[in-house]
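Contents: one structure, followed by commentary.
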Amino acid sequence: MLDRARAAGLVRILVPGYDRASSERALELAAAHPDLLDAAVGIHPHHAGTATPADWVAVEALAADPRALAVGEIGLDFFRNLSDPDVQRDGFARQLDLAARVGKPVIVHDRDAHAELTDALLAWAPRHPRAHPGVLHCFSGDEAMAARLAGVGFLVSFALPVTFSSNLGPRRAAATLPADRILVETDSPWLGLDPSGRNEPTTTLRVAAAIARLRDESAEVVAARAGEAYARLVS
């Protein structure tokens, strides 16, 4: 899979954690493939309810590791509610505070929590030392939400749903956002499969092509700017 990504011209891939073990594994993968992979560490809202005190301490230590370039995937998910919403809120606030302390951007998961999450990020962003405090992962909100958060420095990342004509909010956001605020991603392996039943890093080429059509630009330009935006995010 990594060979296919290299052959397709991908230059950096960020591998996020979703709990303690996957965060440790993300760091191991980045260390094993430093030419291509970067790592993020964090506890996903789905796993906030099962995280132990030792897990939180461990993830805080991992976030301070120089090899971790971001804190994530963190956020709120009120669609599946695999963790109690209040536990999700506590975990999200805890990791926002952590990211501000270690000076690293956040990778934010948001499902059916648009208003609450937007308010939390707008209140938190001024505390962060970076111009780009984070990225809205697999964006599912609307044009107004994207514009508000881009206005305080957040990047907005799109996955395969931006190719669906019914997905009006993300499509309008992708068409109208400032060009330097856009990232592309896969959310692999879960979100959207290709005809062979796979979703892997090369899927980002399809996402870039879809955004290019929405913006009346070339896919090469969209991809190049996404690379530049990613470099600014983690540098």
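The values are calculated or read from the model by the stated rules, or taken from the named source; none is laboratory data. Quantities reported herein were computed from a predicted structural model and do not represent experimental measurements. Cβ atoms come from the backbone with ideal geometry, glycine included; neighbour counts cover every protein chain shown.
Summary of computed values
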{"read-out": "One residue from Ala8, Ala54 being surrounded by fewer than 19 Cβ atoms within 10 Å (Cβ to Cβ), out of contact with any Phe, Trp or Tyr (no Cβ under 8 Å at 6 or more places or on another chain) and more than 26 Å from Thr202 (Cβ to Cβ)", "value": "Ala54"}
{"read-out": "Number of positions in the range 92-116 that are part of a helix (DSSP H, G or I) and surrounded by fewer than 24 Cβ atoms within 10 Å (Cβ to Cβ)", "value": "10"}
{"read-out": "Test for His47: is it in contact with a Pro (Cβ under 8 Å, 6 or more places away or on another chain) and not aliphatic (A, V, I, L, M)", "value": "no"}
{"read-out": "Candidates Leu191, Leu214, filtered to the one that is surrounded by 14 or more Cβ atoms within 10 Å (Cβ to Cβ) and modelled with pLDDT of 95 or more", "value": "Leu214"}
{"read-out": "Residues within the range 191-229 that are touching a Cys at 6+ places or on another chain (Cβ under 9 Å) and closer than 15 Å to Val156 by Cα, tallied", "value": "0"}
{"read-out": "So Pro85, is it more than 18 Å from the chain's Cα centre (by Cα), closer than 24 Å to Ile182 by Cβ, at pLDDT 95 or above and not hydrophobic (A, V, I, L, M, F, W, C)", "value": "no"}
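For (1) touching a residue at least 12 places away in the same chain (Cβ under 8 Å); (2) closer than 21 Å to Gly141 by Cβ; (3) not hydrophobic (A, V, I, L, M, F, W, C), each residue gets a yes or a no:
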site: Val41; (1), (2), (3): yes, no, no
site: Leu62; (1), (2), (3): yes, no, no
site: Asp77; (1), (2), (3): yes, yes, yes
site: Asp97; (1), (2), (3): no, no, yes
site: Ala100; (1), (2), (3): yes, no, no
